[in-house]
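**Q** Sending over a structure as structure tokens; questions will come in a sec.
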Amino acid sequence: MATHADPNKPLDGEVTENTPEQAQPEVLGQQPEEDTADLAAELAQAQEKVSQYYDQLLRAKAEVENIRRRADDEVSKARKFGTESFAESLIPVRDSLEAALAQPEQSVEAWKEGVETTLRQLNRAFERNSLKEVAPGPGDKFDPHLHQAISAVPSEYEEGAVVQLLQKGYTISERVLRPALVMVAAAK
């Protein structure tokens, strides 16, 4: 058995612990107090950045909330006043109808002329507001997006073609308000 000559010197492979007196700083030239001061300065900088980021986050959150609130207000106003233009277009039509009814004695020709004038006003109002009629003619191809088939009847037209229009349909800006009611040709 080998004896160990210096009790303070570790053997090969032996792990020892340093006592506080033996501990040396890892970086030469720095004392532990300087490390603490540097860490405190870095911590203060990091906390300042966190504070700035938190302030920016709160401002961004408030801005998003303001944008959402403004958008909600605009949607509400659009719903409330969205038909304003259309209503303005219809007021002259109503005025013409009331004027026609206010005339006590009219000839059939005058009545017909007044109704035709009112219909032209209504058509202009529809055009200004992108309201278009859907009125397929006999033999036109049936379009399930624009037409509603009420029944199928024997006909000389090919199967599925429009045979008769029962009621006009309407679209507004390419969206169907009411499909045209039609009868279609049945299979032969």
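**Q** Let me confirm something: among Ala180, Ala186, which residue is open to solvent by less than 80 Å² (accessible area, probe 1.4 Å) and at pLDDT below 95? Outline the logic, then answer.
**A** Numbers: Ala180 fails: at pLDDT below 95.
Just a single option satisfies the conditions, and that option is Ala186.
**Q** Does segment 107-127 hold any residues that are open to solvent by 60 Å² or more (accessible area, probe 1.4 Å) and of a type outside the set (A, V, I, L, M, F, W, C), and which are they?
**A** Passing the criteria: Glu109, Lys112, Glu113, Glu116, Arg120, Asn123, Arg124, Glu127.
**Q** Can you pull out the residues in segment 80-90 that are surrounded by 11 or more Cβ atoms within 10 Å (Cβ to Cβ) and either in contact with a helix residue (DSSP H, G or I) (Cβ under 9 Å, 6 or more places away or on another chain) or part of a helix (DSSP H, G or I) (or both)?
**A** Within segment 80-90, Ser85, Phe86, Ala87, Glu88, Ser89, Leu90 qualify.
**Q** Any idea which of (1) over 33 Å from the mean Cα position of the chain (by Cα); (2) surrounded by 13 or more Cβ atoms within 10 Å (Cβ to Cβ) is the one Pro104 doesn't satisfy?
**A** Going through the list (1) over 33 Å from the mean Cα position of the chain (by Cα); (2) surrounded by 13 or more Cβ atoms within 10 Å (Cβ to Cβ), Pro104 breaks only (2).
**Q** Where the second residue is part of a helix (DSSP H, G or I) and the first is under 16 Å from Arg124 (Cα atoms) and lies in segment 81-92, which pairs have Cβ atoms under 7 Å and are six or more apart or on separate chains?
**A** As it stands, the answer is Ser89/Ala125; Ser89/Arg128; Leu90/Ala125; Pro92/Gln121, since those pairs meet every condition given.
A quick yes/no check of all residues on (1) hydrophobic (A, V, I, L, M, F, W, C); (2) out of contact with any strand residue (DSSP E or B) (no Cβ under 6 Å at 6 or more places or on another chain); (3) modelled with pLDDT of 75 or more:
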| position | (1), (2), (3) |
| --- | --- |
| Pro7 | no, yes, no |
| Gln24 | no, yes, no |
| Gln31 | no, yes, no |
| Glu42 | no, yes, yes |
| Leu58 | yes, yes, yes |
| Ala78 | yes, yes, yes |
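**Q** Inspect segment 152-170 for any residue being surrounded by 14 or more Cβ atoms within 10 Å (Cβ to Cβ), closer than 30 Å to Phe81 by Cα and of a type in the set (Val, Ile, Thr) and give the result as yes or no.
**A** no
**Q** Something else: So, Leu131, is that one touching a helix residue (DSSP H, G or I) at 6+ places or on another chain (Cβ under 9 Å) and either buried (at least 17 other Cβ atoms within 10 Å of the Cβ) or over 29 Å from Ala87 (Cβ atoms) (or both) or not?
**A** For Leu131, the condition - touching a helix residue (DSSP H, G or I) at 6+ places or on another chain (Cβ under 9 Å) and either buried (at least 17 other Cβ atoms within 10 Å of the Cβ) or over 29 Å from Ala87 (Cβ atoms) (or both) - is met.
The values are calculated or read from the model by the stated rules, or taken from the named source; none is laboratory data. Because the structure is predicted, anything quoted here is derived from the model rather than measured. Every residue, glycine among them, receives a Cβ derived from its backbone with ideal geometry; neighbour counts consider all protein chains shown. With ligands, DNA and RNA removed, areas are computed over all heavy atoms of the protein, side chains included. Shrake-Rupley method; radii C 1.70, N 1.55, O 1.52, S 1.80 Å.
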